[in-house]
Amino acid sequence: MPNGGGWRSFLRYDEEQDRPEISRALVRRALAYGRPYLGRIAAMLLLILVVTLLGLAPPLLVRDLIDRALPERDFHRLTLLALGMLAVPLVNGLLGVAQRYLGASVGEGIICDLRTGLFDHLHRMSLRFFTHTKTGELLSRLNNDVIGAQRAVSGTIVDVFTNSITLVSALVIMLRLEWRLTLLAIAVLPLFLIPARLLGRRLRAVVRQQMTLNAEMNAMMDETLNVSGALLVKLFGRAALEVARFRGRADRVRRAGVRQAFMMRWFFLTVSLISAVGTVVVFWGGGLLVLRGAGFTIGTIVAFTAYLGMLYGPLSALTNARMDLATSLVSFERVFEVMDLPVEIEERAGALTLKSVRGHVRFSGVSFSYRPGKNETEAAAEGLSDVVRFGHRGGGMAPPPLSQEGGKLQTPDPQFPEETPAHEPPAAEPWALRDLSFEIKPGQLAALVGPSGAGKTTVTYLLPRLYDPTSGVISIDGHDLRGLAMSTLSAHIGMVTQETFLFNDTIRANLLYARPDATPAAIEAACTAANIHAFIAGLPEGYDTVVGNRGYRLSGGEKQRVAIARVILKDPRILVLDEATSSLDSQSEALIQEALERIMKGRTSLVIAHRLSTILAADVILVLEAGRLVEQGTHVELLAKGGLYAALYETQFRPGRAAAGSDRRP
Ligand code: ADP
């Protein structure tokens, strides 16, 4: 017996009981996934029909054997019946193979579509979504939940069909064999509804809970088993603690599993008891009829008993399938939940594709808050109990704290304002950027400077449209970003961040990611420009060196230069850079600096500047403080002004001062 409260507590799992049981819309939506496979489904159902009907024959053969072949001493008939009994399972077995093949191909096909749809949707989600979602939980939806949905398709539906046919045909045959006994057998049918009524919802709630717990466990595995997580665990000596935490999660998964198994067993118990009651009723009633002189043949009684099994068996199976279907639908539901998450940054219908851009960037009255708009918050609060732990649920009244853990879903109003009301944001709002206006002419270099947390990174996120401004307009060559095709933005804007991500693949493959058709010569040229070619050429496997999980086999500086080469290959008109900082040794810093200067030439560049050389070279320096643009101009102009820039220059940039490392982001 499981610990804590005994079995009663296992049957009482109330948390989600007020969910509607199975909504029609959900079923319809799940069924729609079968549409491309209608032909195969029809063939499969036909096969099931034939197999099931054939399976009904043996008791009739037995009856014929007992009532005719044996009494009439008909040897020929006996042989035919024997052959028939062999033929039925043989033919049925072969047809069963074909049916299974069709079933599996439909089931797997649907799951493949569902999974791809989910993957596609996830890749349309904004950066905000990914900064607030646990990857492990998403993986869990892509794996476990999708597999749960598959069970519904390939197992349950076949079961339902097979059993319904068996049930109806058995009933017809029974009625013809002996209608009085059949009526007795039918009398207990309503009892079969009871167990599902009693347990259906609870079981469904348990299954839902099981999936949520599994997803949580996955999330934890993902966070602690990736390179950075594992490193952190080691450095802080928390392995024992993590194992204990994991045991806690795994334990909850275990309890949910036991609870489910336990409930299923109770369910089976009631169903089989009801079958037994039915059988007893038939035997007792049939016995009475015989005692009163009703004339059944022995063959009829034997056959009838066999069919009784074909009535109650499928009935139990159907009640069971109902439960299975309900629990499998939980999976569909969880997958659909993610698919229904609103795509925050979407390409507008008829969005403009630009073949080339000049690179004229303009921010006009741009304000931005990482906080969600009300609509989005409510949407998040309603359905997404566990995919995206948006923390702040319901209301949309009190702003969530702006910490990483706190205000989770932070989504600006999704309807983008064509003309933005130039409202002054209330002072209490946590605006990351407020009323920012500036311009970078084609080919110019703009340097962003300001204290940590001023909003520099946020500005660089808005330009490639990783987020949309809450109000105001950002344009390239006079086109509002929101009117441009995503492909245009990604083709013409290149970004080099401090945190470099490389796929665990060869250096070559990572470079080709920027331009799949790049020739080896082009790759080499890009790497030479990025000051990394000599290093790569010196590796035993050269460009075919695998960089390791997240590029961990390369040093920080090498990784960054590969990333720069990647952007050079892409050759964008507009560059967004977060300059490397003192995390690197001075030699690789110099190499990177040189590479960056090379790629900035002739492109519009927006750079978070950490280096004096960059700000001196800048056509315009944008000085940010607490989300506002407090000064802009050239180095000389700003120094003369004696404001924030002059102060920053004194503390951060002036030769002889420590570099801007203090402002480094992890
Ligand atoms: P900088 O790059 O100048 O150091 P950022 O643009 O990173 O500044 O940050 C501006 C403000 O926005 C800071 O107050 C920061 O805490 C906040 N912020 C940054 N990223 C997020 C995020 N994903 N969610 C919520 N707040 C954020």
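Here are some notes:
- Compared with the alpha-carbon gap, the fully stretched path from residue 194 to residue 273 is longer by 27.3 nm at 0.36 nm per residue.
- Highest-first packing order for the peptide set 248-254, 589-595 is 589-595, 248-254, based on the mean count of other beta carbon atoms within 10 Å.
- Once both labels are positioned 7 Å from their Cα atoms along Cα-to-Cβ, the gap between residue 49 and residue 513 label points is 5.3 nm.
- Restraint check, 234/456; 234/559; 355/601; 456/570; 441/570; 134/234, Cα-Cα greater than 26 Å: 234/456
- Extension gain, residue 640 back to residue 487 (0.36 nm per residue minus Cα-Cα distance, nm): 50.8 nm
- Here's how it looks for residue 445: its modeled amide H is under 5 Å from those of 605, 619, 620, which are all 5 or more places away or on a different chain.
- Peptides 283-293, 299-309, ordered by how many other C-beta atoms sit within 10 Å of their residues on average, highest first, read 299-309, 283-293.
- With a Förster radius of 51 Å applied to the C-beta separation of residue 479 and residue 590, the computed FRET efficiency comes to 0.85.
- Per residue, the convex hull spanned by the alpha carbons of the stretch 117-247 comes to 157 Å³.
- FRET efficiency for the pair residue 539 and residue 356, taken as 1/(1 + (r/R0)^6) with r the Cβ-Cβ distance and R0 = 41 Å, rounds to 0.70.
The numbers here are math on the coordinates, done by the rules we state, and not lab data. Note that the structure is predicted; figures quoted are calculated from it, not measured. Positions of Cβ are backbone-derived with ideal geometry, glycine not excepted, and every protein chain shown enters the neighbour counts.
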